[in-house]
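Reading through the structure tokens given below for one structure.
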Amino acid sequence: MVKRHERKRGQAGFTLIEIIAVLVILGILAVVAIPKYLDMQKQAAINSIKGGVAALISQVSMDYAAAIMASPSLASSWDGVVYSTGTDNKPVVVSAAGAERIIGDFKGSYAITNGVATVTITSGATDAGNNVYSLATGAGATMSQSFQLYQ
């Protein structure tokens, strides 16, 4: 009998109050952390879309530079058509404004009006991308930005 009593005394564990206190602390952390995590997810998606807009702006600037290199007279009248030099050294249309382009995880397009370029991210490059970035085509969930190309 003495040995049994010694075993019980040697066994240690958590009391019910300690376990409840830990659960309450975990509950409080969950209530605070989960909304913050969801906000961080939304902000990350928005920043990713902004990065897509910046990449499309860069692409339009490169298209403008390529058009000017192919035909310097377009410097002050470029309408978004991208030219390349063909095998016979004549300009060949590669793409035009308004054509959909895939930029990273996004699809976008641009328009040129009086030297002002407006780029718009219209959707994710895939259906999965639409879900991740909450870009429902036609639902107004697009992001666009305008910038001056020439005057």
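Taking N as the residue count of the stretch 29-88, its C-alpha radius of gyration divided by 2.2 N^0.38 Å amounts to 2.01.
The phi torsions of the stretch 105-119, fed into the Karplus equation with coefficients 6.51, -1.76 and 1.60 and a -60° offset, translate into couplings of 8, 10, 10, x, 8, 9, 9, 10, 9, 6, x, 9, 9, 10, 9 Hz, rounded to whole numbers, with Gly and Pro shown as x. The aspartates and glutamates within cross-link reach of LYS42, meaning a Cα-to-Cα straight distance under 13 Å and a gap of 8 or more places when in the same chain, come to none at all.
Per-peptide packing, taken as the mean over residues of other Cβ atoms within 10 Å, places 46-59, 19-32 in the sequence 46-59, 19-32 from highest down.
No lab work stands behind these numbers, since they all come straight from the coordinates. Note that the structure is a prediction, hence the values are computed from the model and not measured. We place every Cβ from the backbone using ideal geometry, glycine too, and count neighbours over all the protein chains shown.
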